[in-house]
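Each reported figure results from applying straightforward, stated rules to the coordinates on display, with no laboratory input. Since we're looking at a predicted model, the values are computed, not measured. All Cβ positions, even for glycine, are placed from backbone atoms using ideal geometry, and neighbour counts span all protein chains on display.
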2 protein chains.
Amino acid sequence: MASKKQPHFVIVGGGLSGSLAACYLGSAGYRVDVYELRGDMRAGGIPGGKSINLALSHRGIEGLRRVGLADAVLAHAVPMHGRTMHAVDGSLSLQPYGRDPSQCINSVSRGQLNITLLEAADTYDSVSLHFNEKCTDVDIDGGDVFLEHMKTGETRTVHADIIISADGAFSAVRHAMQRRVGFNYSQNWLEHGFKELVIPAGADGAFAMEKNALHIWPRHSYMMIALPNADGSFTCTLFWPFKGESSFEAIKTEGDLMRFFTKNFPDAVPLMPTLPKDYFENPVGALVTVRSSPWYHEDKVLLLGDAAHAIVPFYGQGINAGFEDVLVMGECMDRFGDDWGRIFEETHRIRKDNVDALADLALHNFIEMRDNTGTRRFLWRKKLERVLHRIFPKWYIPLYSMATFTRMPYTRAISRAKTQDRVVIACAISAVVIGAATVWQWVMR
Amino acid sequence: MASKKQPHFVIVGGGLSGSLAACYLGSAGYRVDVYELRGDMRAGGIPGGKSINLALSHRGIEGLRRVGLADAVLAHAVPMHGRTMHAVDGSLSLQPYGRDPSQCINSVSRGQLNITLLEAADTYDSVSLHFNEKCTDVDIDGGDVFLEHMKTGETRTVHADIIISADGAFSAVRHAMQRRVGFNYSQNWLEHGFKELVIPAGADGAFAMEKNALHIWPRHSYMMIALPNADGSFTCTLFWPFKGESSFEAIKTEGDLMRFFTKNFPDAVPLMPTLPKDYFENPVGALVTVRSSPWYHEDKVLLLGDAAHAIVPFYGQGINAGFEDVLVMGECMDRFGDDWGRIFEETHRIRKDNVDALADLALHNFIEMRDNTGTRRFLWRKKLERVLHRIFPKWYIPLYSMATFTRMPYTRAISRAKTQDRVVIACAISAVVIGAATVWQWVMR
């Protein structure tokens, strides 16, 4: 590639999507500067206490595979083959995610994944990483990126031919886009917050519960989940309303806390020796759904990942959707060369409706996870779905499987799932009618 | 009222809702400072070229009446008793708005209305008006309002016990609210822009078209409207897509413009002698729907009018909804005294769902106005509505009438309209069935 006319990229945000995008651009030979608000995790350790483990699945893995990172990331992951539901009486029930153990989702620590991606980005000569640099604003048309150093307070302006915004749900770049006529935007907060807790590993690194599962304590209006870590611990997340009778707000003392946990999560309490400390030290996180459109401005700016479309975590697709954005951008680079206007327009066109549909799925699945996963009806439905999928593996694919184990666009998966369900219901009704007719004929004989 | 403990109010924005709110607070004896971005219209004339005339109706008038301003405002207004549709062939059809001429909407110039309100606010000793003061940001918890003088560039900070945000669709106060966890927000732009044009008065101040009507040139994917002014002129507004084959973007020359107008608005062209000048001098405005929630923060901040809920202008309710916000706040002041937390919470509770429903009505009515108002089916439906309303004046009230001539909450008006329509359809079906049965009986005799 000729180096003279190549655009200079600034990637705002060196989180997951940003550092993966840096790998994509670096591997194509582009000059890239990445500005990340936080310090360098590779040196300074992983910030803890307010993160939810990631569930990496097919779309995310394919995004990593294109730049040769899938195996390195999966080496640190713990496969989860299904959901384990914990009832209040301590009884367990398991729902496999796929039709066989190869269909699993992968519990990954956000920090470890980020380090792997930053290390990979740093191997490209044309990629430079800058840390403790907060982007405060951008000039969309001019390509200026305004930075403030988090340690020295020093401010400076860097120029980019193209800005990739991967600065997350509170993106400063999107904020600048938002001031433009024609940029549609919404932010909607959940009334539930979340708190990170921990089930530590046993003395010998043993897992205190089934290792290869995502654990759920569904309690109707709230829930706790736990995802395994490679070191034998589980990262737990309590999703609970901010306010109200049963809520984060209502817990004032260690006594309040232990009463609530002992009553509602009795089987988990003995596994959580540091519960009070974790609870009162870790902050309550908030969950937001962000939608925006368009994600790009001419051939100058592209929003990716949470900056374009933050979603709630309940379909396990947040990081997968972010990595698929980058993957689609890469596929558009293959199709359109260095016509960045086309690349951005097409990336947005391919992705926008799909991540909107995913946002709705994720919101809906919160209700399903906390309300239904424990019910008999839900368990039977899931069982029926698996049976149908086994009998007609090509034709009947559960929605969760299409979202998690394929790259089928989310909108198509949703409409296909609706069609499948309609056919199943029609068949069931026909079967009942034929059965009744047969019985009738037999009675009348 | 005791003056010691009374809160000091800052109203950000001295536009329509802001200056009316100043009158409400001033008349209750509160100390109020109003900071307005623009210069003082009372001295400097009314900025022109990018405004849409207002259609003041019952809700807005009631809002004015509470502080004794209804008559003063209506003195400058031109009543409009119905819509006059202009077909491409120049033929006209009139649809009355109400069941009699007393049910009308009132064409009001935004500038003139604002001057009346500012003059009224200025009569209260405890109200001070400040112009050319741009609010750049606020500290929601601390009550600091950051101002920049538009002429001197000087910045300063004023403190408020309570901030009323009436700074419009691009509100700086709402912008600060938006950075807070739990504040839901959306902005959605229409693909249509608008341009102000004019049909001047005749030499003797005569109206060039029917004076007491809102004129519409419905052309399916776009439309032009014209509202009368007291001086004999009409303010026209062309609503047209920004981009595409038939759009603002496509008009490059005076030739393009005149071809488009002569073909589509042939009866208007002879009335618009300054069309090319107006078209090329006036900017294309953009139309946004803004939703936010909650509109308040404790007893410290309240958003009102466009700052809380900008809507598109097609139901003629924007200013009426803004004034009704202020009126509801006033009614809550009656109920809760100086418990501002309760006043704000209740104002929001009463208004929020209603203005959301109104936002949808306004968006929907754009399609109705440009696509349907010219069709025979629409004219017949409106006729049927009027007949039913005349026969059952208490029971059958068209939705437009409930929104425009009553203070019934918009949500209740919408659900009532649905019920009415269902009953009418059920009666029609019954009539057909009974008729058919009668005929059948007669035939079989």
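Here, chain B has an Rg and a Dmax of 23.8, 94 Å when only alpha carbons are counted. Taking the label point 7 Å along Cα→Cβ, B:Glu368 and its counterparts in the other copies are spaced 3.7 nm apart, in ascending order. Remark: the stretch B:188-286 projects, on average over all directions, an area of 6.6 nm² (convex hull of Cα atoms).
Taking amide H positions as modeled 1.01 Å from N, with prolines and chain starts lacking one, the residues under 5 Å from B:Leu287 and 5 or more places away or on another chain are B:Leu190. With the largest listed first and rounded to whole Å, the semi-axes of the equivalent ellipsoid of the stretch B:26-112 from the Cα gyration tensor are 32, 20, 9. Applying Stokes-Einstein at 20 °C and 1.002 mPa s to the Kirkwood radius of the stretch A:391-444, computed over alpha-carbon pairs, gives a translational diffusion coefficient of 164 µm² s⁻¹. Stretching A:Ile367 away from A:Glu210 to a fully extended chain increases their span by 54.1 nm, per 0.36 nm per residue minus the current alpha-carbon distance.
Determine, at each q value in 0.22 (inverse angstroms), the log₁₀ of I(q)/I(0) that the Debye formula gives when each Cα of the stretch B:311-365 is one equal point scatterer. Debye output, listed in q order: -0.76.
Each copy carries a label point for A:Asp353 at 7 Å from Cα toward Cβ; from one copy, the others' points are 3.2 nm away, ordered from shortest. For the listed peptides B:264-275, B:221-232, B:242-253, a ranking on the average number of other beta carbons within 10 Å per residue, highest first, reads B:221-232, B:264-275, B:242-253. Nearest chain A C-beta to the A/B rotation axis, reported as residue and distance in angstrom, is A:Ser186, 2. With the convex hull drawn around the C-alpha atoms of the protein assembly as shown, the volume per residue stands at 244 Å³. For the stretch A:351-368, the Karplus equation 6.51 cos²θ - 1.76 cosθ + 1.60, evaluated at θ = phi - 60°, returns couplings of 8, 4, 5, 5, 6, 4, 5, 5, 4, 5, 4, 5, 5, 5, 5, 4, 5, 4 Hz by residue, with Gly and Pro reported as x.
With its label point put 7 Å out from Cα toward Cβ, B:Leu257 sits 7.0 nm from the same residue's point in the other copies, in order from shortest. Each label was represented as a point 7 Å from its Cα along the Cα-to-Cβ direction; for B:Arg259 and A:Val423 these points are 5.2 nm apart. Modelled spin-label separation between A:Ala431 and A:Val269, with each label point placed 7 Å from Cα along the Cα-to-Cβ direction: 4.5 nm. Size of the stretch A:251-377 from its Cα atoms: along the principal axes, largest to smallest, the extents are 61, 38, 22 Å. For the stretch A:84-187, the pair-distance distribution built from all alpha carbon pairs, in bins 5 Å wide starting at 0, is 2, 9, 12, 14, 14, 12, 9, 7, 7, 8, 5, 1, 0 percent. Here the simple spin-label model places points 7 Å from the Cα toward Cβ, and for B:Val181 and A:His159 these points are separated by 4.1 nm.
The C-alpha atoms of the stretch B:167-224 occupy a region whose extents along the principal axes are 58, 29, 18 Å, arranged from largest to smallest. With contacts taken as Cα pairs under 8 Å at a separation of at least 6 residues, chain B carries a relative contact order of 19 percent.
For B:Ser221 and B:His149, the FRET efficiency from 1/(1 + (r/R0)^6), where r spans their Cβ atoms and R0 equals 45 Å, is about 0.55.
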